[in-house]
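Notes to accompany the following structure.
Throughout, read-outs are computed from the coordinates displayed, never taken from laboratory work. Note that the structure is predicted; figures quoted are calculated from it, not measured. Glycine also receives a Cβ, built like all others from the backbone with ideal geometry; neighbour counts cover every protein chain displayed.
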Amino acid sequence: MTDAPLPVVFVHGIRLSGTMWRPQLNEVGRHRPVSAPDLPGHGHRRGRRFTMASAVETVAEEIDALGGRALVAGLSLGGYVGIAAAARLGHRVAGLVALGCTAIPTTARMAPLRAAGRFFRALPDGGHRLNRWIFTAGVGRKAAAVIAERDFATEAMSDALDALAGFEPLRELGRYPGPVWLVNGARDHLRVDERRFLDTCMDGRLVIVPKAWHLVSFNAPHTVSRLVEEAAETAAAREPV
């Protein structure tokens, strides 16, 4: 066991980029190495095709760059990627914080996002202004400006949703023996299967953040930073499985 602090890799949501984690990068980054890569098809990796395998590879590359073992924290799409990474990368994922991703991604549940993606892509600016307005309404002007820095990869939504359609989060989560924190905003619409997700974990706990919605990392940034920091401390104390 090393005395060096355990790094954290943050994984962003659909059509966004690593900038969405800036509050946590600033706060958690005071105590340990942190990274928030752009997933394939998003941010600086726009133009690359998103698949679950390529997303996990991106996370693996970040973990390796940080020393070979890290806590992974992901929100929404990033949470599902985190689940896949934990299942597939073994002891390299020291622990998992999965936020806003405890709904099994069925065809019916993804239909609204598919429709939204088609609508965004039909707009002259690819949906930039509309997405900027949506996030401003949800998390405020300053936070929305941070989210929008690398634009909105609406063209990647179809591939990302296709990847989720073939993904079995409960099966993948059940393969991971390490510690898992399932974190949901109390008002998050994706809480619907949280008990099934918790029951599937070998070593899981469920955390509900009061008054928060789906974008819990912006609704309650300090709370999420504290949860991630506590998870990293707990995971660091565990021997690799």
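Helix-only mean residue ellipticity at 222 nm, the chain, DSSP H runs n ≥ 4 weighted -39,500 (n - 2.57), per residue, nearest 500. What is it? Write out the running numbers ahead of the final one.
Values: 11 runs with 110 residues, N = 241.
After summing the helix terms and dividing by the residues of the chain, the value is -13500 deg cm²/dmol.
Express the relative contact order of the chain as a whole percentage, based on alpha carbon pairs under 8 Å and six or more residues apart in sequence.
Values: 482 pairs, mean separation 59.5, N = 241.
About 25 percent, as a whole number.
On a C-alpha basis, how far is the centre of the stretch 176-241 from the centre of the stretch 48-78 in Å? Whole number, if you could?
Cα centroid of the stretch 176-241 versus Cα centroid of the stretch 48-78: 18 Å apart.
With angles folded into 0 to 90 degrees, how steeply does helix 52-65 sit against the dominant principal axis of the chain? Use alpha carbons for both and round to 10.
50
So how much slack lies between ILE208 and HIS31, counting 0.36 nm per residue of separation and subtracting their Cα-Cα distance, in nm? Don't skip to the answer; put the middle values down first.
On the way: separation 177, 0.36 × 177 = 63.72 nm, distance 2.43 nm.
Residue separation times 0.36 nm, minus the Cα-Cα distance, leaves 61.3 nm.
Near LEU39, within a Cβ-to-Cβ distance under 12 Å, what is the net charge of the other residues, with Lys and Arg +1 and Asp and Glu -1? Spell out each step's value before the answer.
On the way: positive: ARG15, ARG45, ARG46, ARG48, ARG49, ARG150; negative: ASP38, GLU57, GLU61, GLU62, ASP159.
In short, +1.
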